[in-house]
Amino acid sequence: MKAGDPAPKLSWTRVLQPAGYSGTGPDNFLGRVTVVLCGPVVSLNGALTETWNELHAKFRGEPVQFVWLTSEANVRHPLSGWLLFDSEMTTGHSFEIQVGSAVVDRAGKIAGYANVLPDEKQLREILAGGKSSLQAEPTRFPRTPRLGKPNLPPSNDVAISPATVSGTVSATMGDFLVRRGFDLKTVMAEVYEIEPSRIVLPASLDTKERWDFVLVPPANLDRQEMFRLVRAGMEKHFGIVTAFDERSTDVYVMSVTEVATPMKKAASMSEGCGWAASSASFPADMPRTLEAIQAYMESPVGQLMWINSPWAENIELDDFRRKLEEVLGRPIVDETNVSGSFDLRVRSAARTIEEAIRAIRDELGLRIEPVRRTIRMLIAEFRQ
């Protein structure tokens, strides 16, 4: 599908919003501009729903309809325009949308595609019958090939070599382990079962150089035995010896503030859990394009706000600490004396790490302060 092609018909199972609607659903495309957003789970996309509602409000009373199709059957989040339940995401397949939205012009033809949503200017161009600045075709992502067992002779030795993939690939089965495209510290953190910020490497190895680690043992092994072989292989390949030791180092201490809004205790694990990256609060002046969102989410402050997203539910406080430690790149010592699962909700947008830490303090009641402490570290040194 591409701009200029007749738009395929909308397909859905049930109208979720407007609530109580019993008619036939959205009108046909003719005579109006239609925004068709396919796929996103509404309850995990707080920032996107806000942008959607704001865009809808700008065209209230004009011949523009907004149609959001979702595979989420029960939605309580208030949403303007149409919200349609499509369990098979048939409309998305018809428009060839893997991510984002399509816009249909008054003549019922595809005007273009957006990676997330079109902006007001783009919609007004189409409404006026002018040339669209939207993408002519939908963004398409290459399919990830199915990862099978590596074609290597069985051995208890780990094959370590410079990375052969552009991204990362990770798989563990009973008869093989693959980690491709990772830096040394990341894989060490996994197989030694310690956070990366608690690993000390020689300077020449503490780099972002990426490696492939492949193990195909002669017989099935459990995960811990595979990790033991990978540890031995790392020490042999890189010529290092490793040991745990108590070291004085810069850390953050996480504690509960004296006066603060308390964290909300999670109601139950059955109500859903997990991190919701797309629901993070974005700076108000940040463009809502896929590229801008990706750049923000990949930045340290974006990652910090991601783990405090509005629908991050049933999160163990220790998991929260580990995520903070991963983002801040420094060990975090938990002195909260609090345990259990919490629903974490930070509403503030932040542009700096300092602003994000302040938001966590003010809204979750968690103080994060830099200090120096003696903690258990993994020390790697070159073999003498």
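Close amide H partners of Trp211, meaning residues 5 or more places away or on another chain with modelled amide H under 5 Å apart, are Ala163, Gly181, Phe182, Asp183. 3J(HN,Hα) couplings calculated from phi for the range 9-15 with the Karplus curve 6.51 cos²θ - 1.76 cosθ + 1.60 (θ = phi - 60°) are, in sequence order, 5, 6, 9, 7, 9, 7, 8 Hz; Gly and Pro show x. The lysines within cross-link reach of Lys58, meaning a Cα-to-Cα straight distance under 22 Å and a gap of 8 or more places when in the same chain, are Lys121, Lys131. Near Glu316, the amide H atoms lying under 5 Å from its own belong to Phe342; only residues 5 or more places off or on other chains count, and H is placed 1.01 Å from N.
Between Gly100 and Cys38, the built amide H atoms are under 5 Å apart, and every one of these is 5 or more places off in sequence or on another chain.
Across the range 164-175, coupling constants 3J(HN,Hα) worked out from phi with the 6.51/-1.76/1.60 Karplus curve, θ = phi - 60°, read 10, 10, 7, x, 10, 10, 9, 7, 9, 10, x, 10 Hz, and Gly and Pro carry x.
Computed from the coordinates by the stated procedures, all read-outs in this text should not be read as laboratory data. Computed from a predicted structure; not experimentally measured.
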